[in-house]
Each structure stands twice: as C-alpha cells, then as structure tokens.
C-alpha cells in the first residue's frame, strides 16, 4: 500500500520517514457515512459519528460491535473522552433553528448514566477538553474564559487550573484562580486548538496552512502543512492529515505523525486512490483509526510490522 522505509531531510526542519504499513481493516459498514473516530484512552472502544456529526456510536475495537450512545444533533463534533476512559463529553444542539441552542452533556460509558453540565443556550461555542484530573471539561474557544470550565456533579472544585484556548483567532492561556489571560501567539491566526493530555502543550492549525506546537513559554515547532491534529494518549506525538482540495472538495489526503518536539515527521499513508481523514491513535500507538471519504467508512491501520 505504501512506499518502503525512506528518510528525507526537508529544509533542515525534520526527518520525514515514509513507512510501509499493513492493509487497513474496516471498522464500520460501507456507505453508512460514519466519520470522526476518537479512540478511548483504555483502547477498548472507538467513538464515531455520522454525516453532519449527528449522533455518537461506540464501536468495540476488537469485535467491531456498534452501540448507539445518542442521536443528538452535532453530538459528534466536539466529543472528547475523559483521560481515564470513563466519560465521553459532547456538545449537542437542540432542534434545527438558528441560532443553535447548545448544551454540554457527559455520558458515563461504564455506568450507563449521563449528566447535563449546562443549560441549552446560544452562547456555548467551542470544542471540549477534559481537565487533567477528569473533574470536568473546558470549552475551548468559549467567551468569557471565566465561564469556560464545566465541572462534573459531586466533584470538589480544584483551584488554579490552567488551560489553553482560542480567543478571536489568537492562542491564549488562562488560570482559573488568578483569571490572568496571557496571549501566546500574535504572528498568525489560529484555529482547531488541541491540548495534550497533561494540559502542558498545545497543537493548532494556522490559518492559511500548517501546524504549530507550543507551550506556555515556547513555540516548539511550526510545520508547513497539516490539518485536524490529534494527540496520542501518552502525549508524545500528534497525528494529523495533509489534504489537497480544489476549493470545493477534498481531492486527496494522507495521514502523518509528528513527535511532540517536532524533530521527526512520519508519513503513515501514501494512497492516491483513498482519502484518509481525521486520524486517531490507539493508546498503545500500534494502530491508527481514520475515516475514508470515498467509501464513507472508518478503518484501522496497523503501524507495526
């Protein structure tokens, strides 16, 4: 499927390694339009959505048995697993009217219960990130930042949580105790911010192309191309896609991976006849799940010989 192992130095930035890989295994049926796989931290399940991000299904990573968790509108867009794999947080829309009324709902996938963490309102915008202690979720991109943390019921408040967010189109950090906002990047415009599992590092897309990896004090790496980044469970690498389009539709896309320090970039797929999107690594880093646009399926690809 892919080219043999090769190493290329590009502009002194990083070593690009093109790897061989096994044939992908289908996780979902053909033409059912399943999208956006997100691997659970314990490796047992993969959360997926359908076209338009409607609903969420849990797919057993071994048997491929599918269980529908919800059919709520837009529930799959910002869904996020807690770091212990017990909870799945979603933002869901109420009805079809515009402006959308959105709420945050958390599902206990081990105990088959759920919690509504907010009222339905037109003021909730952003994507979800779990606090490192699993006490609740930050709504990344939400304004004001003082109201961006939603704690699970019966959890004791933790003082002084730090998190990254996007305000306007700039990266900021925020401390819930001091309420100090620090702007971290003004040299570009940013979107689709993703925070590492330990909360210490971020990756985001640069408007116009490329990825940035950084922390509270440093820009760690800038990559010239990349979209839809997602962290590995151990926080040591990031998978993403590099896609080509004609302004209206995606023509081609492959999956790549970068180490957290930006020193090694790996091309995982090299498939002109397939369009791989939205990758998610298994917790042991041995497999990657992704959606394939042509077949409208979710696949799993082994990264080990």
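The values are calculated or read from the model by the stated rules, or taken from the named source; none is laboratory data. Note that the structure is a prediction, hence the values are computed from the model and not measured. Virtual Cβ from ideal backbone geometry, glycine too; neighbours counted across all protein chains shown.
Scanning segment 65-84 for residues that are in a loop (DSSP other than H, G, I, E, B), in contact with a strand residue (DSSP E or B) (Cβ under 8 Å, 6 or more places away or on another chain) and in contact (Cβ under 8 Å) with a residue 24 or more places away in the chain returns 72, 74, 75, 76, 77, 78, 79, 82, 83.
I'd like the full set of residues that are farther than 17 Å from residue 211 by Cα, part of a strand (DSSP E or B) and without any contact (Cβ under 8 Å) to a residue 24 or more places away in the chain, limited to segment 221-250.
245
Every condition in (1) in a loop (DSSP other than H, G, I, E, B); (2) surrounded by fewer than 18 Cβ atoms within 10 Å (Cβ to Cβ); (3) within 19 Å of the chain's Cα centre (by Cα) is met by residue 52 except one, and the failing one is (1). Residue 32 meets each of the listed conditions (1) under 30 Å from residue 113 (Cβ atoms); (2) modelled with pLDDT under 95; (3) touching a strand residue (DSSP E or B) at 6+ places or on another chain (Cβ under 6 Å) apart from (3).
For segment 155-173, name all the residues that are under 16 Å from residue 130 (Cβ atoms) and at pLDDT 90 or above. Result: 163, 164, 165. Among residues of segment 161-215 being part of a strand (DSSP E or B) and touching a helix residue (DSSP H, G or I) at 6+ places or on another chain (Cβ under 7 Å), the one that is surrounded by the fewest Cβ atoms within 10 Å (Cβ to Cβ) is 181.
Table: residues versus (1) outside any strand (DSSP E or B); (2) over 21 Å from residue 41 (Cβ atoms); (3) modelled with pLDDT of 95 or more.
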position: 272; (1), (2), (3): yes, yes, no
position: 284; (1), (2), (3): yes, no, yes
position: 288; (1), (2), (3): no, no, yes
position: 298; (1), (2), (3): no, no, yes
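When the residues of segment 85-97 are filtered to those that are in a strand (DSSP E or B) and without any contact (Cβ under 8 Å) to a residue 24 or more places away in the chain, the one that is nearest to residue 300 (Cα to Cα) is 92. Being over 22 Å from residue 210 (Cβ atoms) and assigned to a strand (DSSP E or B) is a property that does not hold for residue 255.
Among the residues of segment 138-165, those that are over 21 Å from residue 192 (Cα atoms) and more than 23 Å from the chain's Cα centre (by Cα) comprise 153, 154, 155, 156, 157, 158, 159, 160.
Does segment 90-101 contain any residue that is in contact with a strand residue (DSSP E or B) (Cβ under 6 Å, 6 or more places away or on another chain), modelled with pLDDT under 95 and either surrounded by fewer than 18 Cβ atoms within 10 Å (Cβ to Cβ) or within 21 Å of residue 179 (Cα to Cα) (or both)? Yes: segment 90-101 contains one or more residues that are in contact with a strand residue (DSSP E or B) (Cβ under 6 Å, 6 or more places away or on another chain), modelled with pLDDT under 95 and either surrounded by fewer than 18 Cβ atoms within 10 Å (Cβ to Cβ) or within 21 Å of residue 179 (Cα to Cα) (or both).
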